[in-house]
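Engineer: Below is a structure I'd like to ask you about.
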Amino acid sequence: MLPGLEVVVPMGRKAQAGWAAYQEQYAPKVHRLATWHPSPRVFASRPAARQEILDTLHQAAKLLKSV
């Protein structure tokens, strides 16, 4: 359905588990960069999560530029 898909950023455990199940069979060559779920609850309990999410998204952008 998405033949040009190159990078996926699943945000949160459920998204990561769902993508892992799909990726193994259907998209083994797609880069996966997992990160925190962007919810207020995560940001309240993990102040560094916001920067980690931003770093992951910047890493995804760099991967896309290099391809």
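Engineer: With everything on Cα atoms, drop me the angle between helix 49-66 and the longest principal axis of the chain, reported from 0 to 90° to the nearest 10.
Structural biologist: 20 degrees
Engineer: Any chance you could give the angle, 0 to 90 degrees and rounded to 10, that helix 13-26 forms with the longest Cα principal axis of the chain?
Structural biologist: 10 degrees
Engineer: Using a 1.4 angstrom probe on the protein heavy atoms only, line up Glu52, Glu24 by accessible area, largest first.
Structural biologist: On the way: Glu52 80, Glu24 155 Å².
So, going from the largest accessible area down, we get Glu24, Glu52.
Engineer: For the pair Leu2 and Ala34, how long in nm is the line joining their label points, each one 7 Å along Cα→Cβ?
Structural biologist: 1.8 nm
Engineer: Would you work out which of Gln23, Val8, Ser45 lies farthest towards the positive end of the dipole of the chain? Charges go on Cβ: Lys and Arg +1, Asp and Glu -1.
Structural biologist: Positive-end residue among those listed: Ser45.
Engineer: Which whole-number percent gives the relative contact order of the chain, counting Cα pairs below 8 Å spaced six or more residues apart? Walk me through the intermediate numbers first.
Structural biologist: Working: 59 pairs, mean separation 24.8, N = 67.
Relative CO of the chain lands at 37 percent.
Engineer: Further, regarding this structure: Tell me the mean residue ellipticity at 222 nm calculated for the chain from its helices only (DSSP H runs of n ≥ 4, each -39500 (n - 2.57), averaged over every residue, nearest 500). Could you put the intermediate results ahead of the total?
Structural biologist: Working: 3 runs with 38 residues, N = 67.
Calculated from helices alone, the mean residue ellipticity at 222 nm is -18000 deg cm²/dmol.
Engineer: What number, in nm² with one decimal, is the all-direction average of the projected area of the convex hull of the alpha-carbon atoms of the chain? Kindly include the intermediate steps, with their values, before the conclusion.
Structural biologist: Values: hull surface 19.2 nm².
The directionally averaged projection comes out at 4.8 nm².
Engineer: Count the net charge of all other residues whose Cβ sits under 13 Å from the Cβ of Val30, scoring Lys and Arg as +1 and Asp and Glu as -1. Walk me through the numbers on the way to the answer.
Structural biologist: On the way: positive: Lys29, Arg32; negative: Glu6, Glu24.
Overall, the nearby charge balance is 0.
Engineer: Something else about it: About the Cα centre of the chain, how large is the charge dipole given +1 on each Lys and Arg Cβ and -1 on each Asp and Glu Cβ? Please answer in debye to the nearest 20. Show your work: numbers first, answer last.
Structural biologist: Details: 9 positive and 4 negative charges, 33 e Å.
The dipole of the chain has a size of about 160 debye.
The values are calculated or read from the model by the stated rules, or taken from the named source; none is laboratory data. Being a predicted model, the structure only gives us computed values, none of them experimental. All Cβ positions, glycine included, derive from the backbone under ideal geometry; neighbour counts span all protein chains shown. Only protein heavy atoms, including side chains, enter the accessible area calculation; ligands, DNA and RNA are left aside. Shrake-Rupley method; radii C 1.70, N 1.55, O 1.52, S 1.80 Å.
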